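Novice: Could you have a look at this structure, given as C-alpha cells, before my questions?
The values are calculated or read from the model by the stated rules, or taken from the named source; none is laboratory data. Remember, predicted model here, so these are calculated numbers, not experimental data. Reconstructed Cβ throughout: ideal geometry from the backbone, glycine too, with neighbour counts over all protein chains shown. Keep in mind that these areas ignore ligands, DNA and RNA; they rest on the heavy atoms of the full protein, side chains included. Shrake-Rupley method; radii C 1.70, N 1.55, O 1.52, S 1.80 Å.
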Amino acid sequence: MESFVRTSESILSIRPWTDKYPNLAAGFTTKDGGISRGYFHSMNPAFHVNDLADDVVSNRKILAERIHVPAEKWVGAEQTHETNIVKITASEAGLGALDYATALKQTDGMYTKENGILLTLLFADCVPVFFFAPKHHLVGAAHAGWKGTVGGISKAMVEKWTRVEGIPAEDIYVAIGPSICPKCYMVDKKIIDLLKVILEEETKTAYNQITESQFSLDLKKANALILHKSGILNENIITSELCTSCDETLFFSHRRDSGKTGRMMGFIGFKEE
Ligand SMILES: [Zn+2]
C-alpha cells in the first residue's frame, strides 16, 4: 500500500508515521493548490527556478498553514548534489525559508532534534529520503539524485546518527519518497560503475541493462539497498511507488518537462508542542 497519502490538495503525508505520531509533520508536496503560473503552475515552493519570488513566498505560506509549522521556522538548503549533512539547531531556524540566498550552502542533508523547525528540501525526480528515530526524537531529510546516491548521502545520514548521535541503527526508520521510476530513468554505464563502488555485488538488483550503453536505474531501490547495507532494518524502510515523471497530474518532473518546471518540497519536523 502506498504510504505517501494525499491529505490535502498540496500535500502527501507519510501516513504510517504521521498517524502514529501526530506531533510529526512529514511529507511531500504536489503541484496543486498554489498560485504560480506558467511552467510553475501552481504549487512551486522553489526560489531557484526563476519563478516570481513573491509567488513562491505565497506558496510557502499556503503550505505552512497546512503543515502547521510557520514558514519563518523552516530551514532550506542550497542542494548542490553533494553529501554534506548539517545538524540544525534553533539558531538556524528561518535560513532559506523565505529566500534562496540564506539557504545553507553546499548542503544536501539536514537533521534536527528541535521542535518547531521544519527541514525542507526541493525535488523534481531526485529521491527524497526521510529519516525518523521516534525513541530519540530525531528527524532528518536528504536529497539523493544519482550523484548523492552513488556518493552515499543515505549512508552518511545513518553514520551521523549512529556515530555522532549514538543511536542504534535498528531504531532508525526511513521513508523513500516519490521520485523517478526505473522505466523513466535511463543512465549510462558511468553511473552504474559508480554505484558498484558503494553497493558492490548488490548493484545488479538496482538496474537493468537495456542496450549496450543504456541502463534503466532504480534510484529508490539503490538507496534502500545502501540503507540496508548501512544497518537499517528492511522492515523499517518504506518506499513510495509514486513516480514524479509518470504522474503528470501530481508532480513536476525535471526530465519529463525538459528542465522547465517547478519543484516539490519534501519536509519533516516536529511541530511546536
Ligand atoms: Zn516513471
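Novice: Within segment 130-146, does at least one residue satisfy the condition of being within 16 Å of the ligand (Cβ to nearest atom) and out of contact with any Lys or Arg (no Cβ under 9 Å at 6 or more places or on another chain)?
Specialist: Taking every residue of segment 130-146 in turn, at least one turns out to be within 16 Å of the ligand (Cβ to nearest atom) and out of contact with any Lys or Arg (no Cβ under 9 Å at 6 or more places or on another chain).
Table: residues versus (1) within 20 Å of the chain's Cα centre (by Cα); (2) closer than 24 Å to ALA144 by Cβ; (3) assigned to a loop (DSSP other than H, G, I, E, B).
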| site | (1), (2), (3) |
| --- | --- |
| HIS48 | yes, yes, yes |
| ASP54 | no, no, no |
| ARG66 | yes, no, no |
| GLU82 | yes, yes, yes |
| LEU95 | yes, yes, yes |
| GLN106 | yes, yes, yes |
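Novice: Among the residues of segment 174-208, what is the count of those that are of a type in the set (A, V, I, L, M, F, W, C) and away from the ligand (no atom under 16 Å from the Cβ)?
Specialist: 9
Novice: Next question. For a quick check of your reading of the model, give me the residue pairs whose first member lies in segment 243-260 and is closer than 17 Å to ASP32 by Cα and small (Gly, Ala, Ser), whose second is open to solvent by 100 Å² or more (accessible area, probe 1.4 Å) and within 10 Å of the ligand (Cβ to nearest atom), with beta-carbon atoms closer than 9 Å and at least 6 apart or on different chains.
Specialist: Within 9 Å, the pairs are SER245/LYS183; SER245/ARG255.
Novice: When you scan segment 142-222 for strands (runs of 3 or more DSSP E) that lie fully inside it, which ones turn up with 1 or more residues that are open to solvent by less than 10 Å² (accessible area, probe 1.4 Å)? Step through it out loud before you land on a result.
Specialist: Numbers: elements: 173-176, 207-209, 215-217.
Counting at least 1 such residues, we get 173-176, 215-217.
Novice: For segment 224-249, name all the residues that are over 14 Å from PRO128 (Cβ atoms) and away from the ligand (no atom under 16 Å from the Cβ).
Specialist: Once the filter is applied, which keeps residues that are over 14 Å from PRO128 (Cβ atoms) and away from the ligand (no atom under 16 Å from the Cβ), segment 224-249 yields LEU225, ILE226, HIS228, LYS229, SER230, GLY231, ILE232, LEU233, ASN234, GLU235, ASN236.
Novice: What is the one condition in (1) outside any strand (DSSP E or B); (2) among the basic types (Lys, Arg); (3) out of contact with any His (no Cβ under 7 Å at 6 or more places or on another chain) that LYS87 does not satisfy?
Specialist: (1)
Novice: Every residue in segment 232-255 that is open to solvent by less than 60 Å² (accessible area, probe 1.4 Å) and touching a Ser or Thr at 6+ places or on another chain (Cβ under 7 Å), please. Working first, answer last.
Specialist: Looking only at segment 232-255, we keep the residues that are open to solvent by less than 60 Å² (accessible area, probe 1.4 Å), and these are 232, 236-240, 242-245, 247, 250-253.
Within segment 232-255, ILE238, SER240, THR244, SER245, LEU250, PHE251, PHE252, SER253 meet the criteria.
Novice: Quick check on segment 149-171. Is at least one of its residues more than 19 Å from THR83 (Cβ to Cβ), more than 16 Å from the ligand (Cβ to nearest atom) and touching a residue at least 60 places away in the same chain (Cβ under 8 Å)?
Specialist: Yes: segment 149-171 contains one or more residues that are more than 19 Å from THR83 (Cβ to Cβ), more than 16 Å from the ligand (Cβ to nearest atom) and touching a residue at least 60 places away in the same chain (Cβ under 8 Å).
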